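Have a look at the structure below, then the notes.
Where a number appears in this text, it was derived from the coordinates with a stated rule and is not lab data. What you are looking at is a predicted structure, and each value in this text was computed from that prediction instead of being measured. Backbone-built Cβ (ideal geometry, glycine too); neighbour counts: all protein chains shown.
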Amino acid sequence: MSELYQALAQGLLIGATYGLLALGMGLVYGVSGVVNFSHGDFISLGMFMCLALYSAFAMDPYVSIIITVPLMTAIGALVYIFLIRPMVGHQFLMVVQLTLGLSLVLQNGILMVFGGEPARTPSFVESKLIILGDTVLRLPHIIAFVVSFALAIGLYIMLRATDFGRSIRAVHQNAHAAALMGINVGRVQVLTFALGIGILALAAALLLPGTPIQPNMGLRYTVITLLVVVLGGMTNFVGIMLGGLIIGIAEAFGTIYLDGPIGLLLPYIIFVAIMLFRPKGLTWSSAR
Amino acid sequence: MREEFYKTLSSPIWWGTLAIAAIMPFVLSSYYVHILTLALVYVALASSWNIVGGMAGQISLAHSLFIGIGSMFSAALLLKLGINMWLGLVISAVISGILGAVIAWIDFRFQLGHLSFVLITLAFAEMGSIVVEGWDFLGGASGLLLPKDTGNFLAFQFGGGHGAFWMMLGLAAICVLVNVAILNSPLGYYLRTIRDNEKAAQAIGVNILRYKITAMVISAMLASVVGTAYVRYLTFADPYLLISPVITIEIVLFATVGGLGRAYGPALGALLLVPLGEILRGKLGSTLPGLHYFIYGIVVISVILVTPRGLLPLFERLWARWRGPAVAGKS
């Protein structure tokens, strides 16, 4: 029984961060119809920036977000303006290929700077454990869970109650009509993409403590993010957070209960099954 | 419609190019022969992918599975069960074909859109690499080492260097020819109709399921056969190379750079980029690992931004412009 709680708790904690990773991608897809296949490589970029700041100034990952978040947001805006915007409106698949190319550039740029050996970035909370009954939780996971949910709620309120949030929703629903209402659609798209990448810098710091990082791990994060976004119905906010929790739990159950490769396969199997039988994602209501 | 294909078959340019390519091993040093052999591997792979990705417009990221079956599985059959690699090649190709048919059927049955197809095939590819890395029969994470290539043709050995080059040249030529044949056959027209407007294709009575499966099976079997030949050339079946989704991404990028959906586009992309990458890796690989992939990435981004249809159409336009004034001047 304790194993069950352990798996559930671990899955929920990590799943919340997966949900956060996916929210950025979902927002971007909703506003500009772009699916970014270099999403995961931006996560590893964020992580390696933290590593660089740690090696240079012994900065804790949680502190270095003061630098990484604005930097990554700016990078996101530049990438959108110079690389992705010229492609929007072209065939959808060209953006896929462009971001695949970008993924190669990022991954190998990191490899050239940092080398291929797995690296760790220590943090002051890294090895702290919290014991509830017979369930052992790692403090970084709890921090990640709390911050992810707080951010998700913050984003939700931002979308609902601020002018910028309303303009994002307006562009998502009907870009043409939004433009007629005086919304600068191009600006909203750039800002959303930048916001999506900026969120990744935060998520990277949350995932970093205790995780060994390698330049080539980006693709796996991209795949996980895509799984979550698709499960959540692409643009449905609640659905995406739910999808994150499901993938997180599937991963935890797979590694704890099932031996060897089948355990690692579990999230993918669940994804393919849901994809085939609920192609619009988990949530029923037509996504807004 | 097939005339174009027979014209290619009887074209002196085609055979001339092949003949010049075939004498390369006598001209170049073994290092450059190695680079050309690798380029030919990717010409063959990119051309086989083009049947699905270029002509039918379905960006399949599952091709690492077919390459992986062709390489890892046939190597495992030889090493673990003592099955001759020729037979292993056939078995792997059949399995790849069946798997390709299943993927195409899933695509049709569940009406996946373009994006869902990319995602599902990527999920399959990730699953494949996890399975291979965790399954000892296929070598697990450490891979499989094939016996030394002694040139015994009956055991699928070509004597290394030169022999492997000719083998790959033959395979690459076959893959490109299959592209020419399909493009000029009814199948090619159906596939392009499906790519351009699937609903309209269905409305005028194109049997979408049948042609999608046909294209995927041909593409998968070719990729599998190339995989077997590639692993024999490499001698070492490395799961991180052969069944990693990265190999598919490389192929997709070569095809995109060259020109999607064109018979010679993917070949052009691979012939330009692979030697560039390999030479860079040879010169700077120890100081800057990953530089060649970095350059691939930059090239593909630039090509997509400058000429989204690839380099082949760009070259054709330049050629036409260069010839244009000359022709006009004559008249």
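Annotations for the structure displayed:
- Separation of the A:Glu3 and B:Leu272 label points, Cα + 7 Å toward Cβ, nm: 5.6 nm
- Quotient of Cα Rg and 2.2 N^0.38 Å for the range B:1-139, N being how many residues it contains: 1.30
- For q = 0.07, 0.09, 0.13 Å⁻¹, Debye-computed log10 I/I(0) when each Cα of the protein assembly as shown counts as one equal scatterer: -0.45, -0.76, -1.51
- Each label point was placed 7 Å from the Cα along the Cα-to-Cβ direction; for B:Gln202 and B:Lys80 their separation is 4.0 nm.
- The B:Arg323 and B:Ser29 beta-carbon pair, evaluated with R₀ = 41 Å, returns a calculated FRET efficiency of approximately 0.65.
- Normalised contact order of the range A:16-80, rounded percent, pairs of Cα under 8 Å and 6 or more residues apart: 18 percent
- Shape category assigned to the range A:114-166 from the gyration tensor of Cα positions, a/c cut at 1.5: oblate
- Shielding by partners - mean other protein chain Cβ count within 10 Å, residues of B:243-256: 3
- Value of [θ]222 nm, deg cm²/dmol, for chain B, DSSP H segments ≥ 4, -39500 (n - 2.57) each, nearest 500: -24000 deg cm²/dmol
- Efficiency of FRET between B:Ile98 and A:Ile269 - r from beta-carbon atoms, R0 22 angstrom, step 0.05: 0.65
- Added length on full extension, which subtracts the Cα-Cα distance from 0.36 nm per residue, A:Val146 to A:Arg160: 2.9 nm
- Relative contact order of chain A, defined on C-alpha pairs under 8 angstrom at six or more residues apart (%): 38 percent
- Loop-resident chymotrypsin sites (Phe, Trp or Tyr not before Pro) (DSSP state other than H, G, I, E or B) in the range A:109-194 with no more than 14 further Cβ atoms inside 10 Å of their Cβ: A:Phe124.
- Length gained when the stretch B:Ser10-B:Ser302 is fully extended (0.36 nm per residue, less Cα-Cα span): 101.5 nm
- Gain in span if fully extended, A:Ser127 to A:Gln91, counting 0.36 nm per residue against the direct Cα distance: 8.2 nm
- Longest segment of chain B lacking trypsin sites (Lys or Arg not before Pro) that sit in a DSSP loop with at most 14 other Cβ atoms within 10 Å: B:149-331
- Anisotropy class of the range A:1-85 from Cα gyration tensor, a/c 1.5 cut: oblate
- In chain A, helices alone account for a calculated mean residue ellipticity at 222 nm of -24500 deg cm²/dmol, with every DSSP H run of four or more residues adding -39,500 (n - 2.57).
- Mean separation of Cα contacts under 8 Å, 6 or more apart, over the residue count of chain B: relative contact order %: 31 percent
- Cα-based shape type of the range B:68-196, given that a ≥ b ≥ c are square roots of the gyration tensor eigenvalues and the cut on a/c is 1.5: oblate
- For the range B:3-267, the alpha carbon positions stretch 56, 49, 29 Å along the principal axes, listed from largest to smallest.
- Cα centroid separation, the range B:238-272 to the range B:1-77 (Å): 10 Å
- Debye-sum result for chain A in log10 I(q)/I(0), which assumes one identical scatterer on each alpha carbon, at q = 0.10, 0.13, 0.16 Å⁻¹: -0.52, -0.90, -1.36
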